[in-house]
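Working notes, structure below.
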Amino acid sequence: MAGFLDRAKEQAQRGLTQGKHKIDEVQAQRAGGDLLKSLGAAYYAERHGTGSPDATQRALQALESHIATHGDGVLRS
């Protein structure tokens, strides 16, 4: 009986770990999408005279930093 409980506990732990990994992945992808939208908004504002090149550069750097950390999955649709 102890062997069964140990295996069940191990399997439950694996499921929790996989679930947490998936949640982290989805959150990183959402954050990347938000950064990509911010870059687009900054670029649009700059092109229409209401933004600055510095704001666009900061948005680009934030997105590049996110991509360096989490990969470029956010760029794929």
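The values are calculated or read from the model by the stated rules, or taken from the named source; none is laboratory data. Quantities reported herein were computed from a predicted structural model and do not represent experimental measurements. For neighbour counting, all protein chains shown are included, and Cβ atoms are generated from backbone atoms with ideal geometry for every residue, glycine included. Keep in mind that these areas ignore ligands, DNA and RNA; they rest on the heavy atoms of the full protein, side chains included. Shrake-Rupley method; radii C 1.70, N 1.55, O 1.52, S 1.80 Å.
What to note about this one:
- Residue within the range 20-32 that is farther than 18 Å from HIS70 by Cβ, in a helix (DSSP H, G or I), without any contact (Cβ under 8 Å) to a residue 24 or more places away in the chain and open to solvent by less than 100 Å² (accessible area, probe 1.4 Å) present: no
- Residue in the range 59-74 that is at pLDDT 95 or above, surrounded by 13 or more Cβ atoms within 10 Å (Cβ to Cβ) and over 17 Å from the mean Cα position of the chain (by Cα) present: no
- Taken over the range 1-19, the residue count meeting the criterion of being open to solvent by less than 60 Å² (accessible area, probe 1.4 Å) and either touching a Ser or Thr at 6+ places or on another chain (Cβ under 6 Å) or within 22 Å of GLY71 (Cβ to Cβ) (or both) is 1.
- Residue within the range 41-58 that is over 13 Å from the mean Cα position of the chain (by Cα), hydroxyl-bearing (Ser, Thr, Tyr), assigned to a helix (DSSP H, G or I) and surrounded by 14 or more Cβ atoms within 10 Å (Cβ to Cβ) present: yes
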